[in-house]
Structure formats: C-alpha cells, structure tokens
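The values are calculated or read from the model by the stated rules, or taken from the named source; none is laboratory data. Everything quoted here is computed from the prediction, not taken from an experiment. Reconstructed Cβ throughout: ideal geometry from the backbone, glycine too, with neighbour counts over all protein chains shown.
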Amino acid sequence: MVQKHVAVLMGGFSSERPVSLSSGNACADALEQLGYRVTRVDVGRDICQVLSDLRPDVAFNALHGPFGEDGRIQGILEYLEIPYTHSGVLASALAMDKALAKTVVAAAGVPVAPSLVMDRFDIAGQHPMEPPYVVKPVNEGSSFGVVIVREGQSHPPQVLQSADWKYGDRVMVERYVRGREFTCAVMGDRSLGVCEIIPVGSEFYDYESKYAPGGSRHECPANLSPNIYQKIERWAVEAHAALGCRGVSRSDFRFDDQSPEDEGLIWLEINTQPGMTPTSLVPDIAAAAGISFGELLRWIVEDASCSR
C-alpha cells in the first residue's frame with residue numbers, strides 16, 4: 001500500500017506562531033506513527049513554491065490565526081488543487097471575523113451576546129455600553145487582546161489607545177456574560193461532546209490558561225443538566241453548519257447558571273482549526289468520547305478535500 005504524503009503546515013507569521021508549531025509537531029509525530037509519509041512545513045511567504053515543489057497528497061492545516069485560518073491559505077491550496085483539512089475559504093473567512101460569524105450564527109437561531117463593532121480609537125472618552133463588557137479584536141484567536149471592563153469601572157480600557165496595541169483597529173464590544181465556560185467539539189456533522197474549561201488563577205480562558213501547563217482544568221464530559229448539555233451540542237452543530245464549516249471545529253459558550261432555565265446560555269465564537277497541543281481541548285473531548293488522538297487525526301486527514 002502506497003503511503004499517503006501529508007504536508008503538515010505549521011508556524012506561519014501570526015501571533016499564534018508558537019501554538020501552531022506545537023500543534024503541528026504533535027500532529028506530525030502522530031501521523032508518522034500512523035504510517036503516513038509526513039513533511040513538516042514551516043509556512044513562509046514562499047509557501048506557493050514550496051507546495052508546488054512538494055505536491056503532497058494532503059495538506060494538514062495546523063496554522064492558527066490570520067493567514068492560517070482566515071481563508072487565505074485555503075485559497076492557495078484551492079488554486080494548487082491540493083486537498084486540505086478543516087474548513088474551506090468562505091467558512092474560514094466568516095468564522096475568523098467574530099462579528100460576521102455572530103451575525104450568521106444568530107440568524108440560524110443560536111443565542112449570542114449583544115455586541116457592536118467599533119474603531120478602537122472611538123472608545124476613548126466614554127463607555128460604548130454599560131459595564132461589564134468585553135473588548136476583543138475582531139480577527140484574532142487565542143484570546144489575544146481581550147480586555148474585560150468590569151462593573152463600576154470609570155473609563156474605557158486605555159490600552160486600546162496605546163501605540164503598543166497590535167491587534168488591528170477594528171474591535172468588537174460585547175456584553176460580558178458571567179458564569180461558567182464550556183466548549184463543544186464537532187466532527188463532520190456530529191458533536192463529540194461538551195467540556196467545561198476551568199481556568200486556574202484567571203477569571204477567563206486567556207492565553208496562559210490555554211497553553212501553560214496547569215493553566216486550566218478540562219472537565220470532559222462537562223457536569224451539566226442533560227437539557228443544557230444537549231443544547232450546547234445542538235447549537236455547536238448548528239453553528240458549524242450555518243457557517244459552512246468542514247472537518248473538525250470547536251464552539252465556545254458561556255453559561256450563567258444563576259439565570260432561570262437556559263436563558264444564560266450564550267454562544268461566543270467558533271474555532272475552525274482547534275489547537276492540537278498537549279493541553280488542547282479537542283483531543284481531550286475526543287478521548288472522552290472514546291476516540292484516540294491517532295484516530296482523530298486519521299479521520300481529519302482522510303476527510304481532506306478541495307472545494308470545501
């Protein structure tokens with residue numbers, strides 16, 4: 001049997017480069033153990049030429065952040081006619097834009113928090129909405145640039161006016177939802193299960209909580225009432241479908257369990273290329289569902305295609 005040649009795309013030049021390298025190398029190691037012929041590609045501006053020379057059977061997209069999961073690398077792979085993993089051009093671009101993704105998912109009937117999109121320089125003098133609220137870059141991942149404005153805070157976050165701000169001028173201001181944080185992995189057209197994320201030493205699932213060893217605990221499956229658990233699963237699958245996602249995705253939710261019934265359950269965002277690092281959520285959720293890391297990666301590789 002001829003080995004399938006898989007090019008694992010990793011690294012790149014976004015803020016999430018270190019995470020992508022960790023994901024990519026973990027995936028490459030596992031794919032080699034499964035018997036695939038693997039080439040590790042640290043993506044640079046010459047990626048078109050590199051892929052043209054390699055001509056792999058599949059490109060495993062382990063890139064994170066801008067250029068890697070916003071439709072641009074997907075467009076290059078379409079042009080080169082190289083089958084690739086995860087979502088296609090349009091779904092990737094939509095999902096990466098948090099504001100557009102919320103609009104599409106809300107139209108499908110999934111509840112989201114009230115929000116508005118603004119230029120960061122317009123949030124200097126007065127609060128754009130009554131605190132508490134969250135300010136987040138529209139096109140970043142891994143919680144980069146997320147600022148929580150607490151109840152009673154007298155002025156908007158001054159970091160938005162700083163010359164050191166590097167996350168773009170377009171930001172989303174979103175009503176802060178108190179409570180617990182959950183995430184749900186979707187594979188193809190089915191849920192793999194719901195996991196509760198419990199940050200250690202942090203109020204929310206920030207960069208350190210995501211990637212530092214011991215930064216968070218993952219409770220898989222989540223300890224929830226069947227009603228809430230099933231709603232999270234259903235809404236994650238509906239968000240995946242509404243945005244046109246393919247392969248594996250992960251939707252994040254907040255749940256204020258002090259609210260009556262399920263009124264406090266809110267969809268936050270979707271990740272079309274979830275991390276595959278040693279501390280990542282999707283491998284944990286898959287394992288709780290009886291799917292090993294190798295089985296998960298094999299499914300992702302065999303699901304690869306163009307025109308996604």
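Observations on the model:
- Residue check, G65 under 18 Å from H86 (Cα atoms), modelled with pLDDT under 95 and either part of a helix (DSSP H, G or I) or touching an Asp or Glu at 6+ places or on another chain (Cβ under 6 Å) (or both): yes
- Those residues of the stretch 176-194 which are charged (D, E, K, R) and buried (at least 17 other Cβ atoms within 10 Å of the Cβ), in sequence order: R180, E181
- Any hit, the stretch 34-41, residues being crowded, with 24+ Cβ neighbours inside 10 Å, of a type in the set (S, T, N, Q) and in contact with a helix residue (DSSP H, G or I) (Cβ under 8 Å, 6 or more places away or on another chain): no
- Restricting attention to the stretch 119-135, the residues being closer than 27 Å to P199 by Cα, of a type outside the set (A, V, I, L, M, F, W, C) and out of contact with any Asp or Glu (no Cβ under 7 Å at 6 or more places or on another chain) number 1.
- Within this structure, V134 fails the test of being within 25 Å of E263 (Cα to Cα) and assigned by TED's automatic domain parsing to the domain that holds S249.
- All strands (runs of 3 or more DSSP E) inside the stretch 73-175 with 2 or more residues being surrounded by 14 or more Cβ atoms within 10 Å (Cβ to Cβ) and free of Cβ contacts under 8 Å to residues at least 40 places away in the same chain: 133-137, 147-149
- Failed item in (1) at pLDDT 95 or above; (2) part of a loop (DSSP other than H, G, I, E, B), with S249 passing the rest: (2)
- F60, sole failed condition from (1) in contact with a Gly (Cβ under 9 Å, 6 or more places away or on another chain); (2) aromatic (F, W, Y); (3) without any contact (Cβ under 8 Å) to a residue 60 or more places away in the chain: (3)
- Verdict on K4 being buried (at least 19 other Cβ atoms within 10 Å of the Cβ) and of a type outside the set (S, T, N, Q): no
- Total residues in the stretch 269-308, condition part of a loop (DSSP other than H, G, I, E, B) and farther than 21 Å from A101 by Cα: 12
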